[in-house]
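The values are calculated or read from the model by the stated rules, or taken from the named source; none is laboratory data. Since the model is a prediction, treat every value here as computed from it, not as a measurement. Positions of Cβ are generated from backbone atoms using ideal geometry, with glycine treated the same way; all protein chains shown enter the neighbour counts.
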Amino acid sequence: MLRLFKLIGVALAAAFVVGQAHAEKPAIFTGLLSNTAVDGFDVVSVFEGNGTKGSSEFTTSYNGAEWRFTSQENLDRFNANPTAFAPQYGGYCAWAVAQGYTAKGDPRYARVVDGKLYLNFNADVQNKWLADVPGFIAKADTNWPGVLSE
């Protein structure tokens, strides 16, 4: 009987691992054990170049994630047109998406290009991305949202 329970446990564990390997990533990057987009930064302030952490006092839900803002004004601006402020590729690193995979996007390494917000993983990755922004955007646009399934 004990052997049967062990076999069932192994089978369940294997099914869980296989299921996780093929699970689709969320459309909005929120990190592990979180539902907060963009590390809780106010994307309106990031978009304007002075990224500041938002407050739990000013929140909204968009695409399955919680978005935080520093003021009611910024929350209202986002709610009026979320696609104008939400980062491209769901807040994943733009360079990574161009390479065909996903990585955390960090609002401290953000750039606005042609009215759209792009995040990168860190300063080193952002420097790589800045070497050919139009080319990397074209590659990332081709890879998105397919990278969520890989």
Some residue of region 90-109 being buried (at least 22 other Cβ atoms within 10 Å of the Cβ), at positive phi and either of a type outside the set (Val, Ile, Thr) or not assigned by TED's automatic domain parsing to the domain that holds Ser45 (or both): yes
Residues being surrounded by fewer than 21 Cβ atoms within 10 Å (Cβ to Cβ) and within 24 Å of Ser34 (Cα to Cα) - total across region 112-124: 3
